[in-house]
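Novice: Sharing a structure, written as structure tokens. Questions coming.
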Amino acid sequence: QVRLVESGGGLVQAGGSLRLSCAHSGGIIFRINTMAWYRQAPGKQRELVATITIGGSTNYVDSVKGRFTISRDNAKNAVYLQMSSLKPEDTAVYYCNLDPIRNPTYWGQGTQVTVSS
């Protein structure tokens, strides 16, 4: 059974840091494909934040470049998002999943990140 569990969110002041974790299970699909972090702010569509390939190549949306770092540990079935220099506009529910080209249909519950000014 496919499962994605995000954790590590919370309330932080602007300029602070958080490390999000994603535990995935349910087969090799998450281990052999590019993984991604997404976020959805209130009243907005879900946005792709970062991706990481099997080989470790990463890409980021411009708004988080230099502040966020995505990583993965296939041995632990995990994907991480280190976030620093957080801004109020980073406030959102954060989700991990396959990259958009896989058109993922199952989503975990996400983890709330709230950045106060």
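The values are calculated or read from the model by the stated rules, or taken from the named source; none is laboratory data. Treat the numbers as computed from the prediction; the structure is a model and nothing was measured. Cβ: placed from backbone, ideal geometry, glycine included. Neighbour counts: every protein chain shown. Just so you know, the surface numbers come from the protein's heavy atoms only, side chains and all, with ligands and any DNA or RNA stripped out. Shrake-Rupley method; radii C 1.70, N 1.55, O 1.52, S 1.80 Å.
Novice: Which of rounded, prolate or oblate describes the chain when judged by the alpha-carbon gyration tensor and an a/c cut-off of 1.5?
Specialist: It is prolate, given that a/c is not under 1.5 and a/b is the larger ratio.
Novice: Distance from a point 7 Å along Cα→Cβ of T53 to each backbone N in segment 86-110: keep the residues under 19 Å and list them by number.
Specialist: 97-103
Novice: I'd like the accessible area for M35: 1.4 Å probe, protein heavy atoms, all chains in place, Å² to the nearest 10.
Specialist: The accessible area of M35 comes to roughly 0 Å².
Novice: Tally up the carbon and sulfur contribution to the accessible surface of the chain as a whole percent, 1.4 Å probe, everything protein left in place.
Specialist: 49
Novice: What relative contact order, as a whole-number percentage, does the chain give when Cα pairs under 8 Å and 6 or more residues apart are counted?
Specialist: 36
Novice: So what J values fall out for segment 95-106 if you push phi through Karplus, 6.51 cos²θ - 1.76 cosθ + 1.60 with θ = phi - 60°, rounded to Hz, Gly and Pro as x?
Specialist: Couplings: 10, 10, 5, 5, 5, x, 4, 7, 6, x, 10, 8 Hz.
Novice: Going from most exposed to least, what order do D99, D62, D73 have by accessible area with a 1.4 Å probe?
Specialist: These residues rank, largest area first, as D62, D73, D99.
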